[in-house]
Amino acid sequence: MTTLQSYLILSALLFSIGLAGALTRRNAILVLIGIELMLNAANLNFIAFWRYGPHPEALTGVMFALFSIGVAAAEAAVGLALIIAIYRHYKTANLDKVTTLKG
Amino acid sequence: MNAFSYLDLLNLLGPETILVLTSLAALFVDLGALRDQPLPRRWLAGGGVTALGGLLAILWLTNVTAQANLAHGILVVDPLTQLVKVVLVAMLLFTVALSLRAEFTEHVGEYFCLLLLATVGMMFLVSSEDVLTIFVALELTSLSLYILTAFNKRSLVSAEAGLKYFLFGGVAAAFTLFGLSLIYGLAGSTNLREIATNLAGKGTDPLLMVALIMVVMGFGFKIAAVPFHLWAPDAYQGAPTPAAALIASGSKVASFFVFAKVMALGFAGIEGNGAWRQFAPGWVPVLATLAVASMLLGNLAAIAQSSVKRLLAYSAIAHAGYMLLGLLAMSNPHRRADGMAALVYYITTYGLTTIGAFGVVQIVERTGGDSLENFAGFSRRAPLVAVCLMVFMLSLAGIPPLAGFFGKFYLFTAAAGAEPGNLGLLWLVIFAIAMSAVSLYYYLQVLKRAFVAAPAEAAIAPVVSFMERLTLALLALAVVVLGALPAWLLGPIADAIKAAGF
């Protein structure tokens, strides 16, 4: 097993854990943490592919990872703001209770 | 790395720069100068500033001819992208015109600022052929739209719709990013055309298929295709109506355009085959499946709706299914221009129609709500607006001579002609035609309430401002004229596609 493969297995594992968290957790904040894990798994991929790829001097993978870290931060900020808005109305962050819209 | 002067860059990015500056101006004017003024005046001032910026951007787009491809597709400016940007800014302007009498918030400056930033995101989305900038622009658009959805802070459903939109969007973005990282690993590049070159000969590598599905998931979420549509009905219903109009029009236009580019340019060579009983793995059968599911579920679920905003959401899902046919038509590189022309014509006319429909819904909402019952006898309470509603609904259903009919006609022709030899996608076209017959039922349901049913005893005539009348009349006129004279729009689109060398 090459080093790249072990990185890819680790990132696939991280992604799966994040997805499982996002799908099974009932608390909106824990779902948000799951999403962040998934994004970070992709970042790990970018770095691994950059480091072991044919053109490590091009820095594309690093750039992509940096941008996605920035985007993930913005996403967390917006997400927490929306969770606070929900909390104001429902007095809970439990997604099972947030079910006014249906159909 | 070639050096390029900032003045050239400003020349290429003029419209985006203007809109970003306008977003700051709207914020400063509202928070600085107008803080103590009455709310209607603040809406008017904010809308005025935004409209001024939008008009300047359109003037720039139509008068400054520039063509460039900077830094391997990170910024692509050609006649086609400029044309689509004009459409996007026009949709922003219509949305602004419909929000001038809004009462859902006191944060006027922030509202216009976010509308503008969402539009800037869409414009960058249109202008990039590099997955890095596509991802960043996609997120700029999405994050602005999440906030706009939840903008009505007093409303419980608005907050709920925003959170649902965000959570689905966040997971979809994570899938896209993971898919893009795999593609970067496989192709060693982030430029769409280089990806296609480097992927050629890989065939149906399992990892490539995983990456393909993950990328399709992300874009499928943005265009609200089944099975990634779950956010759409909730977001459309809960969002403030003008915000829903922008989500349904501008965001759709930009997402479809870039989706088409990613598929046709980035995954060129792994189309597979979608012809009946000759299926071969690739992106064509994947999108064909999404199209069938969207048309089926969208049209059937729309029949059961009582909220007209939800009905429009399911109709949007069905329309996403039709529009996917345009993407499928682009799978044949020799016929790509036809498919692109049909797609751009369809998304443009569809976007204009949807903004109009949401504009009418907003007026009806003032009389109590957006359920079908509230439309009863609407033609007697507001005749002009009801006629506009008729034009929009019939165009969505695809009745000639309205724009919706010609959009469908060109789209289905392009899809049927994609494989000239064996009429490969004909089965899908037949299915789409059958499904648009189904859609007529629920559009006519709305019109029946508005024109035939007697108004309720306590029904009050809605207040309609001059600006709303003007906007709706203009939109209805555009739908009729673009339907009667489709060459007015198709001609420029075809010229732009030729000039862009797509």
Close pairs from the range B:462-483: first within 14 Å of B:Ala382 (Cβ to Cβ), partner of a type in the set (Lys, Arg) and part of a helix (DSSP H, G or I), Cβ under 8 Å, at least 6 apart: B:Pro462/B:Arg381
Report whether or not A:Ile35 is surrounded by fewer than 15 Cβ atoms within 10 Å (Cβ to Cβ), among the β-branched types (Val, Ile, Thr) and touching a residue at least 12 places away in the same chain (Cβ under 8 Å). no
Kindly list the number of the only condition in (1) farther than 24 Å from B:Leu352 by Cβ; (2) free of Cβ contacts under 8 Å to residues at least 40 places away in the same chain that fails for B:Asp130. (2)
Among B:Ala232, B:Ala224, B:Ala239, which is the only one that is away from chain A (no Cβ under 14 Å), at pLDDT 90 or above and buried (at least 24 other Cβ atoms within 10 Å of the Cβ)? B:Ala224
Looking only at the range A:52-79, count every residue that is surrounded by fewer than 20 Cβ atoms within 10 Å (Cβ to Cβ) and in contact (Cβ under 8 Å) with a residue 40 or more places away in the chain and tell me the total. 2
Are any of the residues in the range B:199-207 more than 9 Å from every other protein chain (Cβ to nearest Cβ), at positive phi and modelled with pLDDT under 90? yes
Among the residues of the range B:178-197, which ones are farther than 18 Å from A:Arg51 by Cβ and either within 9 Å of chain A (Cβ to nearest Cβ) or buried (at least 24 other Cβ atoms within 10 Å of the Cβ) (or both)? B:Gly179, B:Leu192, B:Ile195
So, B:Gly73, is that one buried (at least 20 other Cβ atoms within 10 Å of the Cβ) and over 30 Å from B:Leu132 (Cβ atoms) or not? no
Among the residues of the range B:155-165, write down those that are surrounded by fewer than 24 Cβ atoms within 10 Å (Cβ to Cβ) and facing chain A (nearest Cβ under 7 Å). B:Leu156, B:Val157
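Quick grid of which residues meet (1) modelled with pLDDT of 90 or more; (2) within 23 Å of B:Glu129 (Cβ to Cβ):
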{"site": "B:Ala26", "(1), (2)": "yes, no"}
{"site": "B:Ala51", "(1), (2)": "yes, no"}
{"site": "B:Leu56", "(1), (2)": "yes, no"}
{"site": "B:Trp60", "(1), (2)": "yes, yes"}
{"site": "B:Val64", "(1), (2)": "no, yes"}
Just checking, how many residues over the range B:171-199 are touching a strand residue (DSSP E or B) at 6+ places or on another chain (Cβ under 7 Å) and assigned to a loop (DSSP other than H, G, I, E, B)? 1
Restricting attention to the range B:272-302, the residues that are buried (at least 24 other Cβ atoms within 10 Å of the Cβ), free of Cβ contacts under 8 Å to residues at least 60 places away in the same chain and not in a helix (DSSP H, G or I) number exactly 0
Keeping to the range B:454-473, report how many residues are surrounded by 15 or more Cβ atoms within 10 Å (Cβ to Cβ), out of contact with any Asp or Glu (no Cβ under 9 Å at 6 or more places or on another chain) and of a type outside the set (Lys, Arg). 8
Checking B:Phe151 against (1) modelled with pLDDT under 90; (2) not in a helix (DSSP H, G or I), only one condition comes out false. Which one? (1)
B:Arg380 fails exactly one of the following numbered conditions: (1) closer than 23 Å to B:Pro242 by Cα; (2) part of a helix (DSSP H, G or I); (3) out of contact with any Cys (no Cβ under 7 Å at 6 or more places or on another chain). What is the number of that condition? (1)
Unmet criterion (only one of (1) within 19 Å of B:Lys408 (Cα to Cα); (2) crowded, with 24+ Cβ neighbours inside 10 Å) for B:Ala337: (2)
Can you tell me which residue is farthest from B:Phe124 (Cα to Cα) among those in the range B:14-43 that are charged (D, E, K, R) and touching a residue at least 60 places away in the same chain (Cβ under 8 Å)? B:Arg42
From B:Lys164, B:Lys202, which residue is basic (Lys, Arg) and under 17 Å from B:Gly238 (Cα atoms)? B:Lys164
Unique residue being without any contact (Cβ under 8 Å) to a residue 60 or more places away in the chain, part of a helix (DSSP H, G or I) and under 27 Å from B:Leu490 (Cβ atoms) when the list is B:Ala66, B:Ala51, B:Ala57: B:Ala57
Exclusive hit being among the hydrophobic types (A, V, I, L, M, F, W, C) and either within 14 Å of chain A (Cβ to nearest Cβ) or touching an Asp or Glu at 6+ places or on another chain (Cβ under 7 Å) (or both), set B:Leu75, B:Leu114, B:Leu55, B:Leu88: B:Leu114
Checked against (1) closer than 24 Å to B:Thr241 by Cα; (2) touching a residue at least 12 places away in the same chain (Cβ under 8 Å); (3) at the interface with chain A (Cβ under 9 Å from one of its Cβ atoms); (4) not in a loop (DSSP other than H, G, I, E, B), B:Phe168 satisfies every condition except (3)
Take the range B:98-134 and flag every residue that is in a helix (DSSP H, G or I), more than 16 Å from the chain's Cα centre (by Cα) and surrounded by fewer than 23 Cβ atoms within 10 Å (Cβ to Cβ). B:Glu110, B:Leu132, B:Thr133
One residue from B:Gly424, B:Gly398, B:Gly501 being at positive phi and more than 20 Å from the chain's Cα centre (by Cα): B:Gly501
Flag if B:Tyr322 is in contact with a His (Cβ under 7 Å, 6 or more places away or on another chain), surrounded by 24 or more Cβ atoms within 10 Å (Cβ to Cβ) and assigned to a helix (DSSP H, G or I): no
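To keep it simple, each residue is scored yes or no on (1) touching a helix residue (DSSP H, G or I) at 6+ places or on another chain (Cβ under 6 Å); (2) within 18 Å of B:Phe151 (Cα to Cα).
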| position | (1), (2) |
| --- | --- |
| B:Pro40 | no, yes |
| B:Val49 | yes, no |
| B:Leu61 | yes, no |
| B:Pro79 | yes, no |
| B:Leu88 | yes, no |
| B:Phe94 | yes, no |
| B:Glu106 | no, yes |
| B:Leu114 | yes, yes |
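The values are calculated or read from the model by the stated rules, or taken from the named source; none is laboratory data. These numbers come from a predicted model, not from an experiment. Ideal geometry is used to build each Cβ from the backbone, glycine not excepted, and the neighbour counts take in all protein chains shown.
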